[in-house]
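Okay, so here's the structure we're looking at.
The values are calculated or read from the model by the stated rules, or taken from the named source; none is laboratory data. As the structure is a computational prediction, the values presented were derived from the model and not from experiment. Glycine gets a Cβ as well: all are built from the backbone with ideal geometry, and neighbour counts include every protein chain shown. For the accessible areas, the whole protein counts, side chains as well, though only heavy atoms, and no ligand, DNA or RNA atoms are used. Shrake-Rupley method; radii C 1.70, N 1.55, O 1.52, S 1.80 Å.
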Amino acid sequence: TMKRNKDLINNLKEYLIDYPDEHIKVQRVLDFIINYDNCFARDNWFGHFTGSAWVVDNTRAWVLMTHHVQLNMWLQLGGHAEGNSNLLSVAIKEAEEETGLNNFNILSEKIFDIDIHQIPNFKGSPSHLHFDIRYILEAKHEKHKLIASDESHEIAWIKKSDVTNKNPEESIARMLNKMKKY
């Protein structure tokens, strides 16, 4: 796992060069990796890694989002690392499971965004942190092919201009803004 952690640490350092204003958050993620051997395990109740996919279409006018059952909000696709330290592959696997699509194009292997957020206690699981590492992917804009998993009320292509109406969180606005580079 040290080798795999080293890859993630290097990716985080690259991210820091691109987004120096996010240094406090990146340092928290680096400290988390160094202090917790089981940082990819779902049963680490301090927190654990998740991998997310910000999915855009080829026109960049639409974003594929899930209306999440547990959190009852519109979010990017993603989920728990479940022990897998390759968070890009986690993001792709989750995007496939949550949408029924399987033809994602990786727009960059670099980390697209990072978010650390508190997950409330739920069905006996204590409150904990998600260290969410996000990647940008592209998919064909085909509505009829979307199949929501039981974790979602709905999966939908949301017009870029409508995304912050669906979810006004700062991290969503930040990803919309970062899309401009792709």
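Checking each residue in the range 73-116 for being touching a residue at least 40 places away in the same chain (Cβ under 8 Å), in contact with a His (Cβ under 7 Å, 6 or more places away or on another chain) and not aliphatic (A, V, I, L, M) picks out only Trp74. I'd like the residue in the range 54-86 that is more than 15 Å from His141 (Cβ to Cβ) and among the small types (Gly, Ala, Ser) and, out of all such residues, is farthest from the chain's Cα centre (by Cα). For the range 54-86, the residue satisfying everything is Gly83. Scanning the range 86-101 for residues that are within 25 Å of Arg4 (Cα to Cα) and not hydrophobic (A, V, I, L, M, F, W, C) turns up Asn86, Ser89, Lys93, Glu94, Glu96, Glu97.
Checked against (1) outside any loop (DSSP other than H, G, I, E, B); (2) more than 18 Å from Ala173 (Cβ to Cβ), Gln70 passes all but a single condition, namely (1). Taking the listed residues Thr50, Thr59, the one that is closer than 21 Å to Phe104 by Cβ, loosely packed, with under 15 Cβ neighbours inside 10 Å and of a type in the set (S, T, N, Q) is Thr59, with no other qualifying.
For beta carbons closer than 7 Å, sequence separation of 6+ or different chains, a first residue in the range 144-156 that is modelled with pLDDT of 80 or more and a second that is surrounded by fewer than 16 Cβ atoms within 10 Å (Cβ to Cβ) and assigned to a strand (DSSP E or B), the qualifying pairs are Ala148/Glu154.
Within the range 1-38, if we keep just the residues that are in a loop (DSSP other than H, G, I, E, B) and at pLDDT below 95, the residue that is surrounded by the most Cβ atoms within 10 Å (Cβ to Cβ) turns out to be Tyr36.
Those helices (runs of 4 or more DSSP H) of the range 85-182 in which 2 or more residues are under 23 Å from Arg28 (Cβ atoms) and open to solvent by less than 10 Å² (accessible area, probe 1.4 Å) occupy 87-99, 170-178. Answer with yes or no whether Ala41 is over 27 Å from Pro120 (Cβ atoms) and open to solvent by 10 Å² or more (accessible area, probe 1.4 Å). So Ala41 does not fit the description; no.
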